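Trainee: Shown below is the structure under consideration.
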Amino acid sequence: MPLLQVRGLHAQYGSTRVLHGVDFEVGQGGITTILGANGAGKTTLLRAMCGMVRTQGEIALGGARIDGKATENIVRLGVAHVPDGRGTFLNFTVEENLRMGAYTRRDREQVQSDYERIYGYFPKLRERRRQQAGTLSGGEQQMLAVSRALMLKPRLLLLDEPSFGLAPLIVQELFEIFRAINRSDGISMLLVEQNAALALRLADHAYLLETGRVVISGTADAIRSDESVRRSYLGY
Ligand code: ATP
């Protein structure tokens with residue numbers, strides 16, 4: 001059974017319909033990417049996974065329906081969202097941001113060792129742990145946003161354009177860490193990206209979204225060699 005299974009998902013803001021019957025899956029321990037141009041509905045799709053927009057259709061996590069649940073309850077079931085624009089608390093320190101990420105957890109001792117594990121992935125955050133989040137560089141803020149989500153100990157990490165606005169070397173570093181986290185912690189990921197080449201290197205499965213509909217889906221390898229994806233999204 002896939003970790004996340006979505007069937008016939010519709011989403012709307014007021015009377016504006018944005019998703020029109022989308023089907024997709026994230027495998028247990030897998031990484032799925034949703035590709036698409038500006039305005040295709042990628043951000044809305046991620047927001048739909050955590051009950052932040054009005055939806056119809058089925059969303060099942062580990063076989064249990066989560067559509068219609070409140071965001072807070074979805075978070076408690078192990079879904080962590082790293083929104084676009086990062087969503088760190090700028091006036092709080094790095095360490096305070098991480099502590100807030102763990103607010104749903106009761107295993108206090110484990111939380112302590114998770115700080116260490118996260119600082120292991122992101123040594124710069126350890127150096128800057130008493131610094132206000134608002135004074136970090138863009139790359140460090142993205143690392144903090146990801147780290148805060150990891151402190152939840154999620155089963156599924158929702159990543160909204162993590163490469164946005166970052167220098168290529170930082171992006172490369174960040175995506176290598178995503179791979180390491182996926183492999184060693186077994187955290188599944190749903191990644192939304194405009195940078196298709198980057199996303200297809202990390203993901204095992206991909207879906208191409210155009211104006212709220214899936215137009216192509218398959219393994220990342222198959223999508224990478226798809227003629228129309230290559231021309232429109234990979235640029236070669
Ligand atoms: P981008 O890559 O530019 O962020 P996206 O694929 O993530 O694009 P969405 O942000 O999901 O696309 O937006 C899809 C459509 O929904 C757009 O036409 C957008 O104008 C509309 N939309 C998004 N948020 C709202 C909102 N809060 N109220 C009304 N319409 C919205």
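Readers should treat all values here as calculations from the given coordinates under stated rules, not as data from a laboratory. What you are looking at is a predicted structure, and each value in this text was computed from that prediction instead of being measured. No Cβ is skipped: glycine too gets one built from the backbone with ideal geometry, and neighbour counts run over all protein chains shown.
Trainee: Do any trypsin sites (Lys or Arg not before Pro) in segment 115-222 lie in a DSSP loop with no more than 10 other beta carbon atoms within 10 Å, and if so, which?
Mentor: For trypsin sites (Lys or Arg not before Pro) across segment 115-222 that sit outside H, G, I, E and B with at most 10 neighbouring Cβ atoms in 10 Å, the list reads 130.
Trainee: I would also like to ask the following. Given a 10 angstrom Cα cut-off, can you work out which residue in 189, 143, 52 is the most mobile in a GNM of the chain?
Mentor: Looking only at 189, 143, 52, the largest GNM fluctuation is found for 52.
Trainee: Find out how many positive minus negative residues lie around residue 185, taking Lys and Arg as positive, Asp and Glu as negative, among other residues whose Cβ is under 12 Å from that of residue 185.
Mentor: Working: positive: 117, 153, 155, 179, 183; negative: 114.
That sum, taken over residues with Cβ under 12 Å, equals +4.
Trainee: Then there's this: For segment 39-74, state which trypsin sites (Lys or Arg not before Pro) are in a DSSP loop and have at most 11 other beta carbons lying within 10 Å of their beta carbon.
Mentor: Answer by residue number: there is no such site.
Trainee: Taking the Cα of residue 179, stepping 7 Å toward and past its beta carbon, and measuring to each backbone N in segment 18-32: which are under 18 Å?
Mentor: Within reach of a label on residue 179: 29-32.
Trainee: As a test of the formula, what do you get for the chain when each DSSP H run with n ≥ 4 contributes -39,500 (n - 2.57) and the sum is divided by the residue count, at 222 nm and rounded to the nearest 500 deg cm²/dmol?
Mentor: -10000 deg cm²/dmol
Trainee: Same structure again: Which distance in nm do the two modelled labels at residue 106 and residue 15 give, with both placed 7 Å along the Cα-to-Cβ direction?
Mentor: Between residue 106 and residue 15, the label points sit 4.8 nm apart.
Trainee: Can I ask one more? Of 90, 61, 156, which has the largest mean-square fluctuation in a 10 Å C-alpha GNM of the chain?
Mentor: Answer for the Gaussian network model of the chain: 90.
Trainee: May I pose another question? In segment 47-155, which chymotrypsin sites (Phe, Trp or Tyr not before Pro) are in a loop and have at most 16 other Cβ atoms within 10 Å, using DSSP for the loop call? Write out the running numbers ahead of the final one.
Mentor: Numbers: sites: 89, 92, 103, 115, 119, 121; in loops: 89, 92, 103.
Passing both the DSSP loop test and the Cβ count: 89, 92, 103.
Trainee: Report relative contact order for the chain in percent, whole number only (criteria: Cα-Cα under 8 Å, sequence separation at least 6).
Mentor: 27 percent
Trainee: Pull out the extension gain between residue 124 and residue 92, defined as 0.36 nm times the separation in residues minus the alpha carbon to alpha carbon distance; nm, one decimal.
Mentor: Details: separation 32, 0.36 × 32 = 11.52 nm, distance 1.66 nm.
Stretched fully, the residue 124-residue 92 segment lengthens by 9.9 nm.
Trainee: Regarding segment 50-204, what's the average projected area of the Cα-atom convex hull, expressed in nm²? Intermediate values should be presented prior to the final figure.
Mentor: Values: hull surface 38.0 nm².
If I average the Cα hull's projected area over directions, I get 9.5 nm².
Trainee: If I model a spin label at residue 52 and residue 231 as a point 7 Å from the Cα along the Cα→Cβ vector, what separation in nanometres do I get?
Mentor: Distance between the two pseudo-spin positions: 3.5 nm.
Trainee: How about residue 124: which lysines have a C-alpha closer than 22 Å to its C-alpha, ignoring those fewer than 8 places off in the same chain?
Mentor: Within the straight-line limit of under 22 Å, residue 124 reaches these lysines: 153.
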